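> Have a look at the structure that comes next, please.
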Amino acid sequence: MLASRFLTPLKTGAEACPFADFENGVVYKLFPLHINGGLGKTFEIEADPERSGIVMNVRDAVLAETIEKLIILHDAGGHPTELVGIDDQGDYLIAKQPLATPYGDLDNLREMTIAQIDRMRPLAVERLQAVVCRASFKRPVWIVWCDARAWVMSDLHPGNVMRDADGLPCIIDALLSPLPSELIHRDRMVSEAVEDARIWRETGHLPVRKAFDDVNDDDL
């Protein structure tokens with residue numbers, strides 16, 4: 001239902017309605033405020049009490065959570081994002097990003113193979129110093145250390161992994177949520193991923209964990 005005389009509408013995502021300003025090389029993202037008060041998406045994380053693993057349930061976010069997500073993704077090394085503000089009627093949160101490809105050529109997005117995305121994703125993730133987590137989240141997740149705490153990042157589908165003006169893979173959006181401290185302490189794989197992400201952020205070097213090289217064979 002949105003239209004503009006100056007901007008070109010792009011494919012609407014689960015959270016926002018993007019409009020491109022091709023002349024100036026930017027994209028405006030409009031996050032609508034829903035009638036139930038939701039704005040954007042996030043997820044709840046908790047241990048599964050009946051089965052082994054960790055449950056992640058996607059839900060509507062509120063304004064503060066979506067603003068926080070955009071700030072963390074920007075600060076951590078995602079695609080640069082500017083918070084423009086809220087429109088005069090209070091119906092939309094507006095964010096602004098540099099134009100990223102394949103915006104403007106949506107056929108390329110449809111034609112991207114899984115292999116191409118698999119090659120791009122690790123390079124984009126590296127820019128956020130995000131560590132893949134092997135714990136039983138039942139979906140691919142990465143741990144990001146930013147603002148002195150751990151965050152869980154997910155939903156890196158082809159529409160969220162693109163190329164910036166220099167042609168480098170970048171993350172323009174993702175699902176992001178704070179990692180509950182109780183899960184860090186109860187799951188070794190989560191704890192190790194958090195520690196690695198923290199060290200990478202603070203030192204600039206990703207720790208290399210040995211598999212079984214430093215374990216006595218008698219202990220296996």
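The values are calculated or read from the model by the stated rules, or taken from the named source; none is laboratory data. Everything numeric in this text was worked out from a predicted model, so none of it was measured. A quick note on method: Cβ atoms are made from the backbone with ideal geometry, for glycine too, and the neighbour counts reach across all protein chains shown. Accessible surface is based on the protein model in full, side chains and every heavy atom, while ligands, DNA and RNA are left aside. Shrake-Rupley method; radii C 1.70, N 1.55, O 1.52, S 1.80 Å.
> Using Cα pairs closer than 8 Å and at least 6 residues apart in sequence, work out the relative contact order for the chain, in percent.
Relative contact order here is 17 percent.
> Right, here's the next one. Pairs of lysines 8 or more apart, or on different chains, with alpha carbons under 23 Å: count those in the chain, would you?
Value for the chain: 12.
> Another question, if that's okay. What's the FRET efficiency of VAL62 with SER4 using the Cβ-Cβ distance as r and R₀ = 22 Å, to the nearest 0.05?
0.25
> Using a basic spin-label model with each label point 7 Å from the Cα along Cα→Cβ, how many nm lie between VAL208 and GLU46?
Distance between the two pseudo-spin positions: 4.2 nm.
> Compute the length gained on full extension between ASP21 and VAL84: take 0.36 nm times their separation in residues and subtract their Cα-Cα distance, giving the result in nm to one decimal.
Gain in length upon complete extension: 21.2 nm.
> Additional query: Quick check: the angle from helix 63-76's long axis to the longest principal axis of the chain, C-alpha only, nearest 10 degrees?
Tilt of helix 63-76: around 70 degrees.
> Let me ask another. To the nearest 10 square angstrom, what accessible area does HIS157 show with a 1.4 Å probe?
HIS157 has an accessible surface of roughly 80 Å² with all protein chains in place.
> Can you work out the FRET efficiency for the pair VAL132 and ILE71, with r the C-beta to C-beta distance and R0 = 25 Å, to the nearest 0.05?
Efficiency at R0 = 25 Å is approximately 0.60.
> Could you give the size of the charge dipole of segment 149-204 about its Cα centre, using +1 on the Cβ of each K and R and -1 on the Cβ of each D and E, expressed in debye and rounded to the nearest 20?
Value, rounded to 20: 100 debye.
> In terms of modelled amide H atoms, which long-range or inter-chain residues lie less than 5 Å from the amide H of ARG149?
Answer set, sorted by chain and number: none.
> Still on this structure, I have one more. Taking the Cα atoms only, what angle lies between the long axis of helix 188-203 and the longest principal axis of the chain, rounded to 10 degrees?
70 degrees
> Now, a different point. Using a simple spin-label model with points 7 Å from Cα along the Cα→Cβ vector, what separation in nm is obtained for ILE94 and ARG186?
Distance between label points: 4.4 nm.
> Now for a different question. Between helix 114-127 and the chain, what is the angle of the helix's C-alpha long axis to the longest principal axis, kept within 0 to 90° and rounded to the nearest 10?
Taking the Cα atoms of the chain, the angle to 114-127 is about 80 degrees.
> Right, here's the next one. Given the rule -39500 (n - 2.57) for each run of at least 4 DSSP H residues, summed and divided by the residues of the chain, what is its mean residue ellipticity at 222 nm, to the nearest 500 deg cm²/dmol?
Calculated at 222 nm, the ellipticity per residue is -7500 deg cm²/dmol.
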